[in-house]
Amino acid sequence: MLAYLPRPPTDTSRYGTFPQKPDLPAVPGVLVKDGGQQAAATAAKRGAPMPNCPSAPRHSGFVAGEPSGPPSRGSLSTQQHRGRPSWCPPPAPQEGVPRLYPLHTLSVANIPNSSRGKTSARSSTNPTPEGLQSRRCKLLEEDSPMVQAGKRQRQRYVTKVGKCQVNLGNIQDKKRFLSDIFTTIVDLKYRWFLFVFMMCYIITWVVFGFIYFFDAWVRGDIGHQGDPEWQACIENVDGFVSALLLSVESQRTIGYGTRMVTANCAEGVILLMAQSIVGSMIDAMMVGCMFVKISRPKKRAQTLIFSKNCVISRRDEKLCLMFRVGDLRESHMVDAKIRAKLIKSRQTAEGEFIPLEQSELNLGYDTGEDRLFLVEPQIICHVINRHSPFWDMSAESLRREQFEIIIILEGIVEATGNHCLATGMTCQARTSYTEDEILWGYRFEPCMSLEKGAFQVDYSRFEMTFEVQTPAASAKELHELKELEQQEHSTLSLYWDHLLQPCALPGP
């Protein structure tokens, strides 16, 4: 199905295996027919096939030189010789052996391998012209660079849900994690955390159970079971299982009364005291880790939402980059602050390449606008001025850039009702915007209205935007244009003032 491939320009004939003749000028049908017959006769004399007259493709890798039907619409012969008839005269056989034509001689250069492989695997049945044209256009649309660039997934620094896409590897000094064992355990995933939680208790029970069993075996308490005259150090321990039960009962303070440590040996008392202390330390550490892991307000960030896109439009005659944030809970964030980082790679004047350089985006730090009272959805604005990295970026240059904007929202979880466990804990929500998620010339629709004496927020309109009239020039160009207009206006004003100034009359 070579007709589905994009049609090459005229100069692509050099990619063919066989030499191509120059195009003939458009002449009446009779002259074209005579010219075709003359070309056929010339080809028959040379014993070579007709140029630009490939036969119909077949399933095999080669097709015979004897044509069996008209060529396909997408072939080079049909494209270059549109004045010729739809069929070519059969070439003269050479010594009774048909000449073979490779199918790839009709292919086009710079075609992706996937498309070429799929084309060669199809059957040779020619579809109707309407279906052929539609399928060809679809293939052209899928193979276009813009569509392929859009389908290509962008590697983010931070995902939309706030997860950092950075993997740490080749860490040599791993002893630092053991020095901060509490944070290491808390940061574990729940399956590993529960595994460590259970193993801490099981290991201590087994270790102390083995010590009890070893002590009873050394002192001979196991061999004198049932002897009323024997003063046992550990009573009713006749094997490792009973010693393990004694360890569990002692550490968990169960005390059933059948197995016990007596006062006939000092080492049994010391062993019982050591197990009680170790058990209390494990309880304090593991229960504390469990409490911190459960009460961390990490999931609180799931109810802090950001708009899917950023918008760029004018506000108060200034070009601004804006996005929207909202809180879905009725218990609000205390002392909420928001900041933004621009992640972009650049090369210095000395030739040093800085990957993923971070620069700050001013969201109103100097005026206090970055501190939010997040009761209703708010639109956060970054004014594009001469200190902004978007100062000389226009709507056209925005499409060619490659950067990422990281938004970080921090606040303290409000200590009310069921949230008392998270008192004083800081919650952080993150998201990111890439250059293709910024809408130039748009504005967010209002999502709040006044109903029955209270403000009603409609979160179904949280993501909605509408187009507004916005110049496609950069903020720097708009500023220079405004200064030029002001300069022209002041010059014109001085000129008119000079004309209107009364002339001084000469003296007598």
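The values are calculated or read from the model by the stated rules, or taken from the named source; none is laboratory data. All figures in this text were calculated on a predicted structure; none of them were measured in a lab. Quick reminder, even Gly has a Cβ in these numbers, built from the backbone with ideal geometry, and neighbours come from all protein chains shown. Quick note on the areas: whole protein, heavy atoms, side chains included, nothing else; ligands and nucleic acids left out. Shrake-Rupley method; radii C 1.70, N 1.55, O 1.52, S 1.80 Å.
For residue 319, nonlocal amide neighbours, meaning residues 5 or more places apart or on other chains whose placed amide H falls under 5 Å from its own, are 384. Amide H contacts for residue 442 (H built 1.01 Å from N in the peptide plane; partners 5 or more residues away or on another chain; cut-off under 5 Å): 312, 468. Residues whose amide H lies under 5 Å from that of residue 260, counting only those 5 or more places away or on a different chain, are 235; hydrogens are built 1.01 Å from N in the peptide plane. In order along region 450-460, the phi-based Karplus estimate (6.51 cos²θ - 1.76 cosθ + 1.60, θ = phi - 60°) of 3J(HN,Hα) comes to 9, 9, 6, x, 9, 7, 10, 9, 9, 6, 6 Hz; Gly and Pro are listed as x.
With a Förster radius of 30 Å, plug the Cβ-Cβ distance of residue 464 and residue 408 into 1/(1 + (r/R0)^6) and report the FRET value to the nearest 0.05. Plugging the Cβ-Cβ distance into 1/(1 + (r/R0)^6) gives 0.75. Using a probe of 1.4 Å, the accessible surface attributed to residue 179 totals some 100 Å² when neighbouring protein chains are kept in position.
Both the radius of gyration and Dmax for region 187-295 are 16.4, 56 Å, in that order, over alpha-carbon atoms. Among the trypsin sites (Lys or Arg not before Pro) in region 194-278, those placed in a DSSP loop whose Cβ has at most 14 other Cβ atoms within 10 Å are 252.
Each residue of region 193-210 was assigned a 3J(HN,Hα) from its phi angle through the Karplus curve 6.51 cos²θ - 1.76 cosθ + 1.60 (θ = phi - 60°); the sequence is 5, 5, 5, 5, 4, 6, 5, 4, 6, 5, 5, 5, 5, 5, 5, 5, x, 5 Hz, with glycine and proline shown as x.
Only Cα pairs under 8 Å and 6+ residues apart enter the sum, and on that basis the relative contact order of region 187-295 stands at 25 percent.
Protection proxy ranking of 310-317, 161-168, 476-483, by the mean of other Cβ atoms within 10 Å over each peptide's residues and highest first, is 310-317, 476-483, 161-168.
In order along region 217-229, phi translates into HN-Hα couplings of 6, 5, 6, x, 5, 6, x, 10, 5, x, 8, x, 8 Hz, rounded to whole numbers, per the Karplus curve 6.51 cos²θ - 1.76 cosθ + 1.60 with θ = phi - 60° and x for Gly and Pro. Normalised by 2.2 N^0.38 Å, where N is the number of residues, the C-alpha radius of gyration of region 167-233 stands at 1.95. Over every Cα atom in region 300-477, the radius of gyration and the widest Cα-Cα span, Dmax, amount to 17.8, 64 Å.
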